[in-house]
1. Determine whether Val74 is at pLDDT 95 or above, closer than 28 Å to Ala197 by Cα and in contact with a Leu (Cβ under 6 Å, 6 or more places away or on another chain).
2. Are there strands (runs of 3 or more DSSP E) fully within the range 45-139 with at least 3 residues that are over 21 Å from Ala257 (Cβ atoms), away from the ligand (no atom under 16 Å from the Cβ) and in the same structural domain as Glu152 (by TED's automatic domain parsing)? List them.
3. Report yes if Ser125 is among the hydroxyl-bearing types (Ser, Thr, Tyr), in contact with a Gly (Cβ under 6 Å, 6 or more places away or on another chain) and either modelled with pLDDT of 95 or more or farther than 23 Å from Gln43 by Cα (or both), otherwise no.
4. Taking the range 218-238 as the region of interest, how many residues are within 15 Å of the ligand (Cβ to nearest atom) and touching a Gly at 6+ places or on another chain (Cβ under 7 Å)?
5. Return the residues of the range 140-179 that are of a type in the set (Ser, Thr, Tyr) and either in a helix (DSSP H, G or I) or crowded, with 24+ Cβ neighbours inside 10 Å (or both); say none if nothing qualifies.
6. Within the group Ala244, Ala280, Ala287, which residue is in the same structural domain as Asn147 (by TED's automatic domain parsing), more than 15 Å from the ligand (Cβ to nearest atom) and aliphatic (A, V, I, L, M)?
7. So Asn195 ticks every box in (1) within 16 Å of the ligand (Cβ to nearest atom); (2) more than 30 Å from Ala51 (Cβ to Cβ); (3) without any contact (Cβ under 8 Å) to a residue 40 or more places away in the chain; (4) among the polar types (S, T, N, Q) but one. Which box is left unticked?
Amino acid sequence: MSTAPGVPGSPTPATGPSAAPGGTPGGDAGTATAPAPRRVRVQHLREAKEAGRRLTMLTAYDAATARIFDASGVDMLLVGDSIGDNMLGHATTIPVTMDELIPAVRAVSRVARRALVVADLPFGSYEASPQHAHAAAVRMLKEGGANAVKLEGGRRIAAHVELLTGAGIPVVGHLGLTPQAENILGGKRVQGRGNDAADALLADAVALADAGAVAIVLEMIPEGLAQRVTDRLAIPTIGIGAGAACDGQVLVWLDMAGMTDWSPRFAKKFGDVGAALAQATGAYISAVHDGTFPGSEHTYQS
Ligand code: KIV
């Protein structure tokens, strides 16, 4: 079990579920012995910031892992376009389409009982206009079952965020290294260095918050800038490579669990799932080869 903070219904809350303000019952029906955990909803994000409780977010792309992360108490599940380079064999997130992402969003939404499910809008699905973003976001909620969408960009997409928010679609912003723009940013590099770049990023963050964003992901920016943004906004900042000053953290689950050979400097490996999977696979192959699997306990008799 994780040491998830006291956001509603967390399995191991630091301060107990009773400390959670304003929670409402989860969408799934509970049983007498196992009541449904209370859903994390958008108001809880701001409440967590106000109470100084750090938020957790992990990516998820399928039901099997989403179920584990949700039961462990993660506050938000991000069905990220990082599905492209982590699951679909693409080199970047750029080729990911709505039709590839929606089934993953649907799988995660079906099993998430507590976590807020955030769906990325993939490259090419939202930039052209607020109406373009609205059409994509509606699909993520109606077809995917997501609770919120995430868009990359700042002042450029503030009107998009305002339209979505007004239409009842919670938006998570994403600033700093925005991987969909890596061609123009010159690769995966730290952003917001220097006074002008830092001021521009802060102005972007304020514009997103003013437009109604419920949280902002800050990716690969200096710690001091993350602190400035976090101090300035009433909504939570969720950092990835942005240091400890953020109101919460997000990681790609394959980096977090040790499923990849390479991971970025900011991604701590909290487990060695890749090695465990390789070991189990090797044991299975050996058992089939040497005839010890299947045994009589795995075999049906007439
Ligand atoms: O798609 C993704 O995984 C993301 C995270 C890096 C925040 O956007």
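The values are calculated or read from the model by the stated rules, or taken from the named source; none is laboratory data. Note that the structure is a prediction, hence the values are computed from the model and not measured. Virtual Cβ from ideal backbone geometry, glycine too; neighbours counted across all protein chains shown.
1. The answer is no for Val74.
2. Details: elements: 55-59, 76-79, 116-120.
Here the list is empty.
3. No; evaluated as a whole, the condition is false for this residue.
4. Selection size over the range 218-238: 7.
5. The one that is of a type in the set (Ser, Thr, Tyr) and either in a helix (DSSP H, G or I) or crowded, with 24+ Cβ neighbours inside 10 Å (or both): Thr165.
6. After applying the criteria, what remains is Ala244.
7. In the conditions (1) within 16 Å of the ligand (Cβ to nearest atom); (2) more than 30 Å from Ala51 (Cβ to Cβ); (3) without any contact (Cβ under 8 Å) to a residue 40 or more places away in the chain; (4) among the polar types (S, T, N, Q), Asn195 misses (1) alone.
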